[in-house]
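Notes follow the structure.
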Amino acid sequence: MLFGQSVFQSVLDRLRAEDEDAAEDAAPVSHRVPGFTTGLAFDVMEGVSAPSARPGQAYIDNLEAETAPSPMSEAPVTPEPVPEPVMPAHLGRTEPQDIATELAIGQHDTVQSLGDKRRAFAKANHPDGVHPLFRDNATKRMTVANLLIDEAIRRRTRSSGR
């Protein structure tokens, strides 16, 4: 203990005294960084401080200016109507007999050739590859084709296993 105070208390007293001295000696706040010849641009720009400038609002203001028609422009251009898509003829054939005829599954087809037929059929008929208006027909066609090919593969594997 120093002079009736603990060491901790004496350190606190010294720090308070230093803070008071520093506050009295403090120079007016400058917007300059020692070593730079000019002030920082983000502190004050054309008399407007950065916090009051609302930089996030500038993006929205510019966006509105781009989307609004300018007074110098002519009448707004209307987009041409998009023609209604036309369904390919093969997507209209959803009967199992029609799909079986397209696949042309025969007795001499191997499991490999049936897989090739499945991939070729999917390339032309998969629902992800057609216009959304025709996806129901494409889904039906793929379902029937997969069932026909799966059944043909089952028959091939049963006959070869016996």
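The values are calculated or read from the model by the stated rules, or taken from the named source; none is laboratory data. What you see is a predicted model; the values in this text were computed from it and never measured. Using ideal geometry, Cβ is built from the backbone for each residue, glycine included, and neighbour counts are taken over all protein chains shown.
Couple of notes before you dig in:
- Among residues of segment 110-135, those that are part of a helix (DSSP H, G or I) and in contact with a Pro (Cβ under 8 Å, 6 or more places away or on another chain), counted: 3
- Residue among 61, 21, 13 that alone is at pLDDT 85 or above, part of a helix (DSSP H, G or I) and on the phi < 0 side of the Ramachandran plot: 13
- In segment 90-109, residue farthest from the chain's Cα centre (by Cα) [restricted to those that are assigned to a loop (DSSP other than H, G, I, E, B) and under 21 Å from residue 129 (Cα atoms)]: 95
- Summed over segment 103-121, residues that are in contact (Cβ under 8 Å) with a residue 24 or more places away in the chain, charged (D, E, K, R) and over 16 Å from residue 159 (Cβ atoms) total 2.
- Listed by first and then second residue, the pairs with beta-carbon distance under 9 Å, at least 6 apart or on different chains, first residue in segment 138-162 and closer than 19 Å to residue 93 by Cβ, second surrounded by 13 or more Cβ atoms within 10 Å (Cβ to Cβ) and aromatic (Phe, Trp, Tyr), are 141/121; 142/121; 145/121; 146/121; 149/121.
- Checking segment 123-131 against the condition returns no match, with no residue being in contact (Cβ under 8 Å) with a residue 12 or more places away in the chain, surrounded by fewer than 12 Cβ atoms within 10 Å (Cβ to Cβ) and farther than 20 Å from residue 96 by Cβ.
- Residue match in segment 73-88 (condition: in a helix (DSSP H, G or I) and either polar (S, T, N, Q) or at pLDDT below 95 (or both)): no
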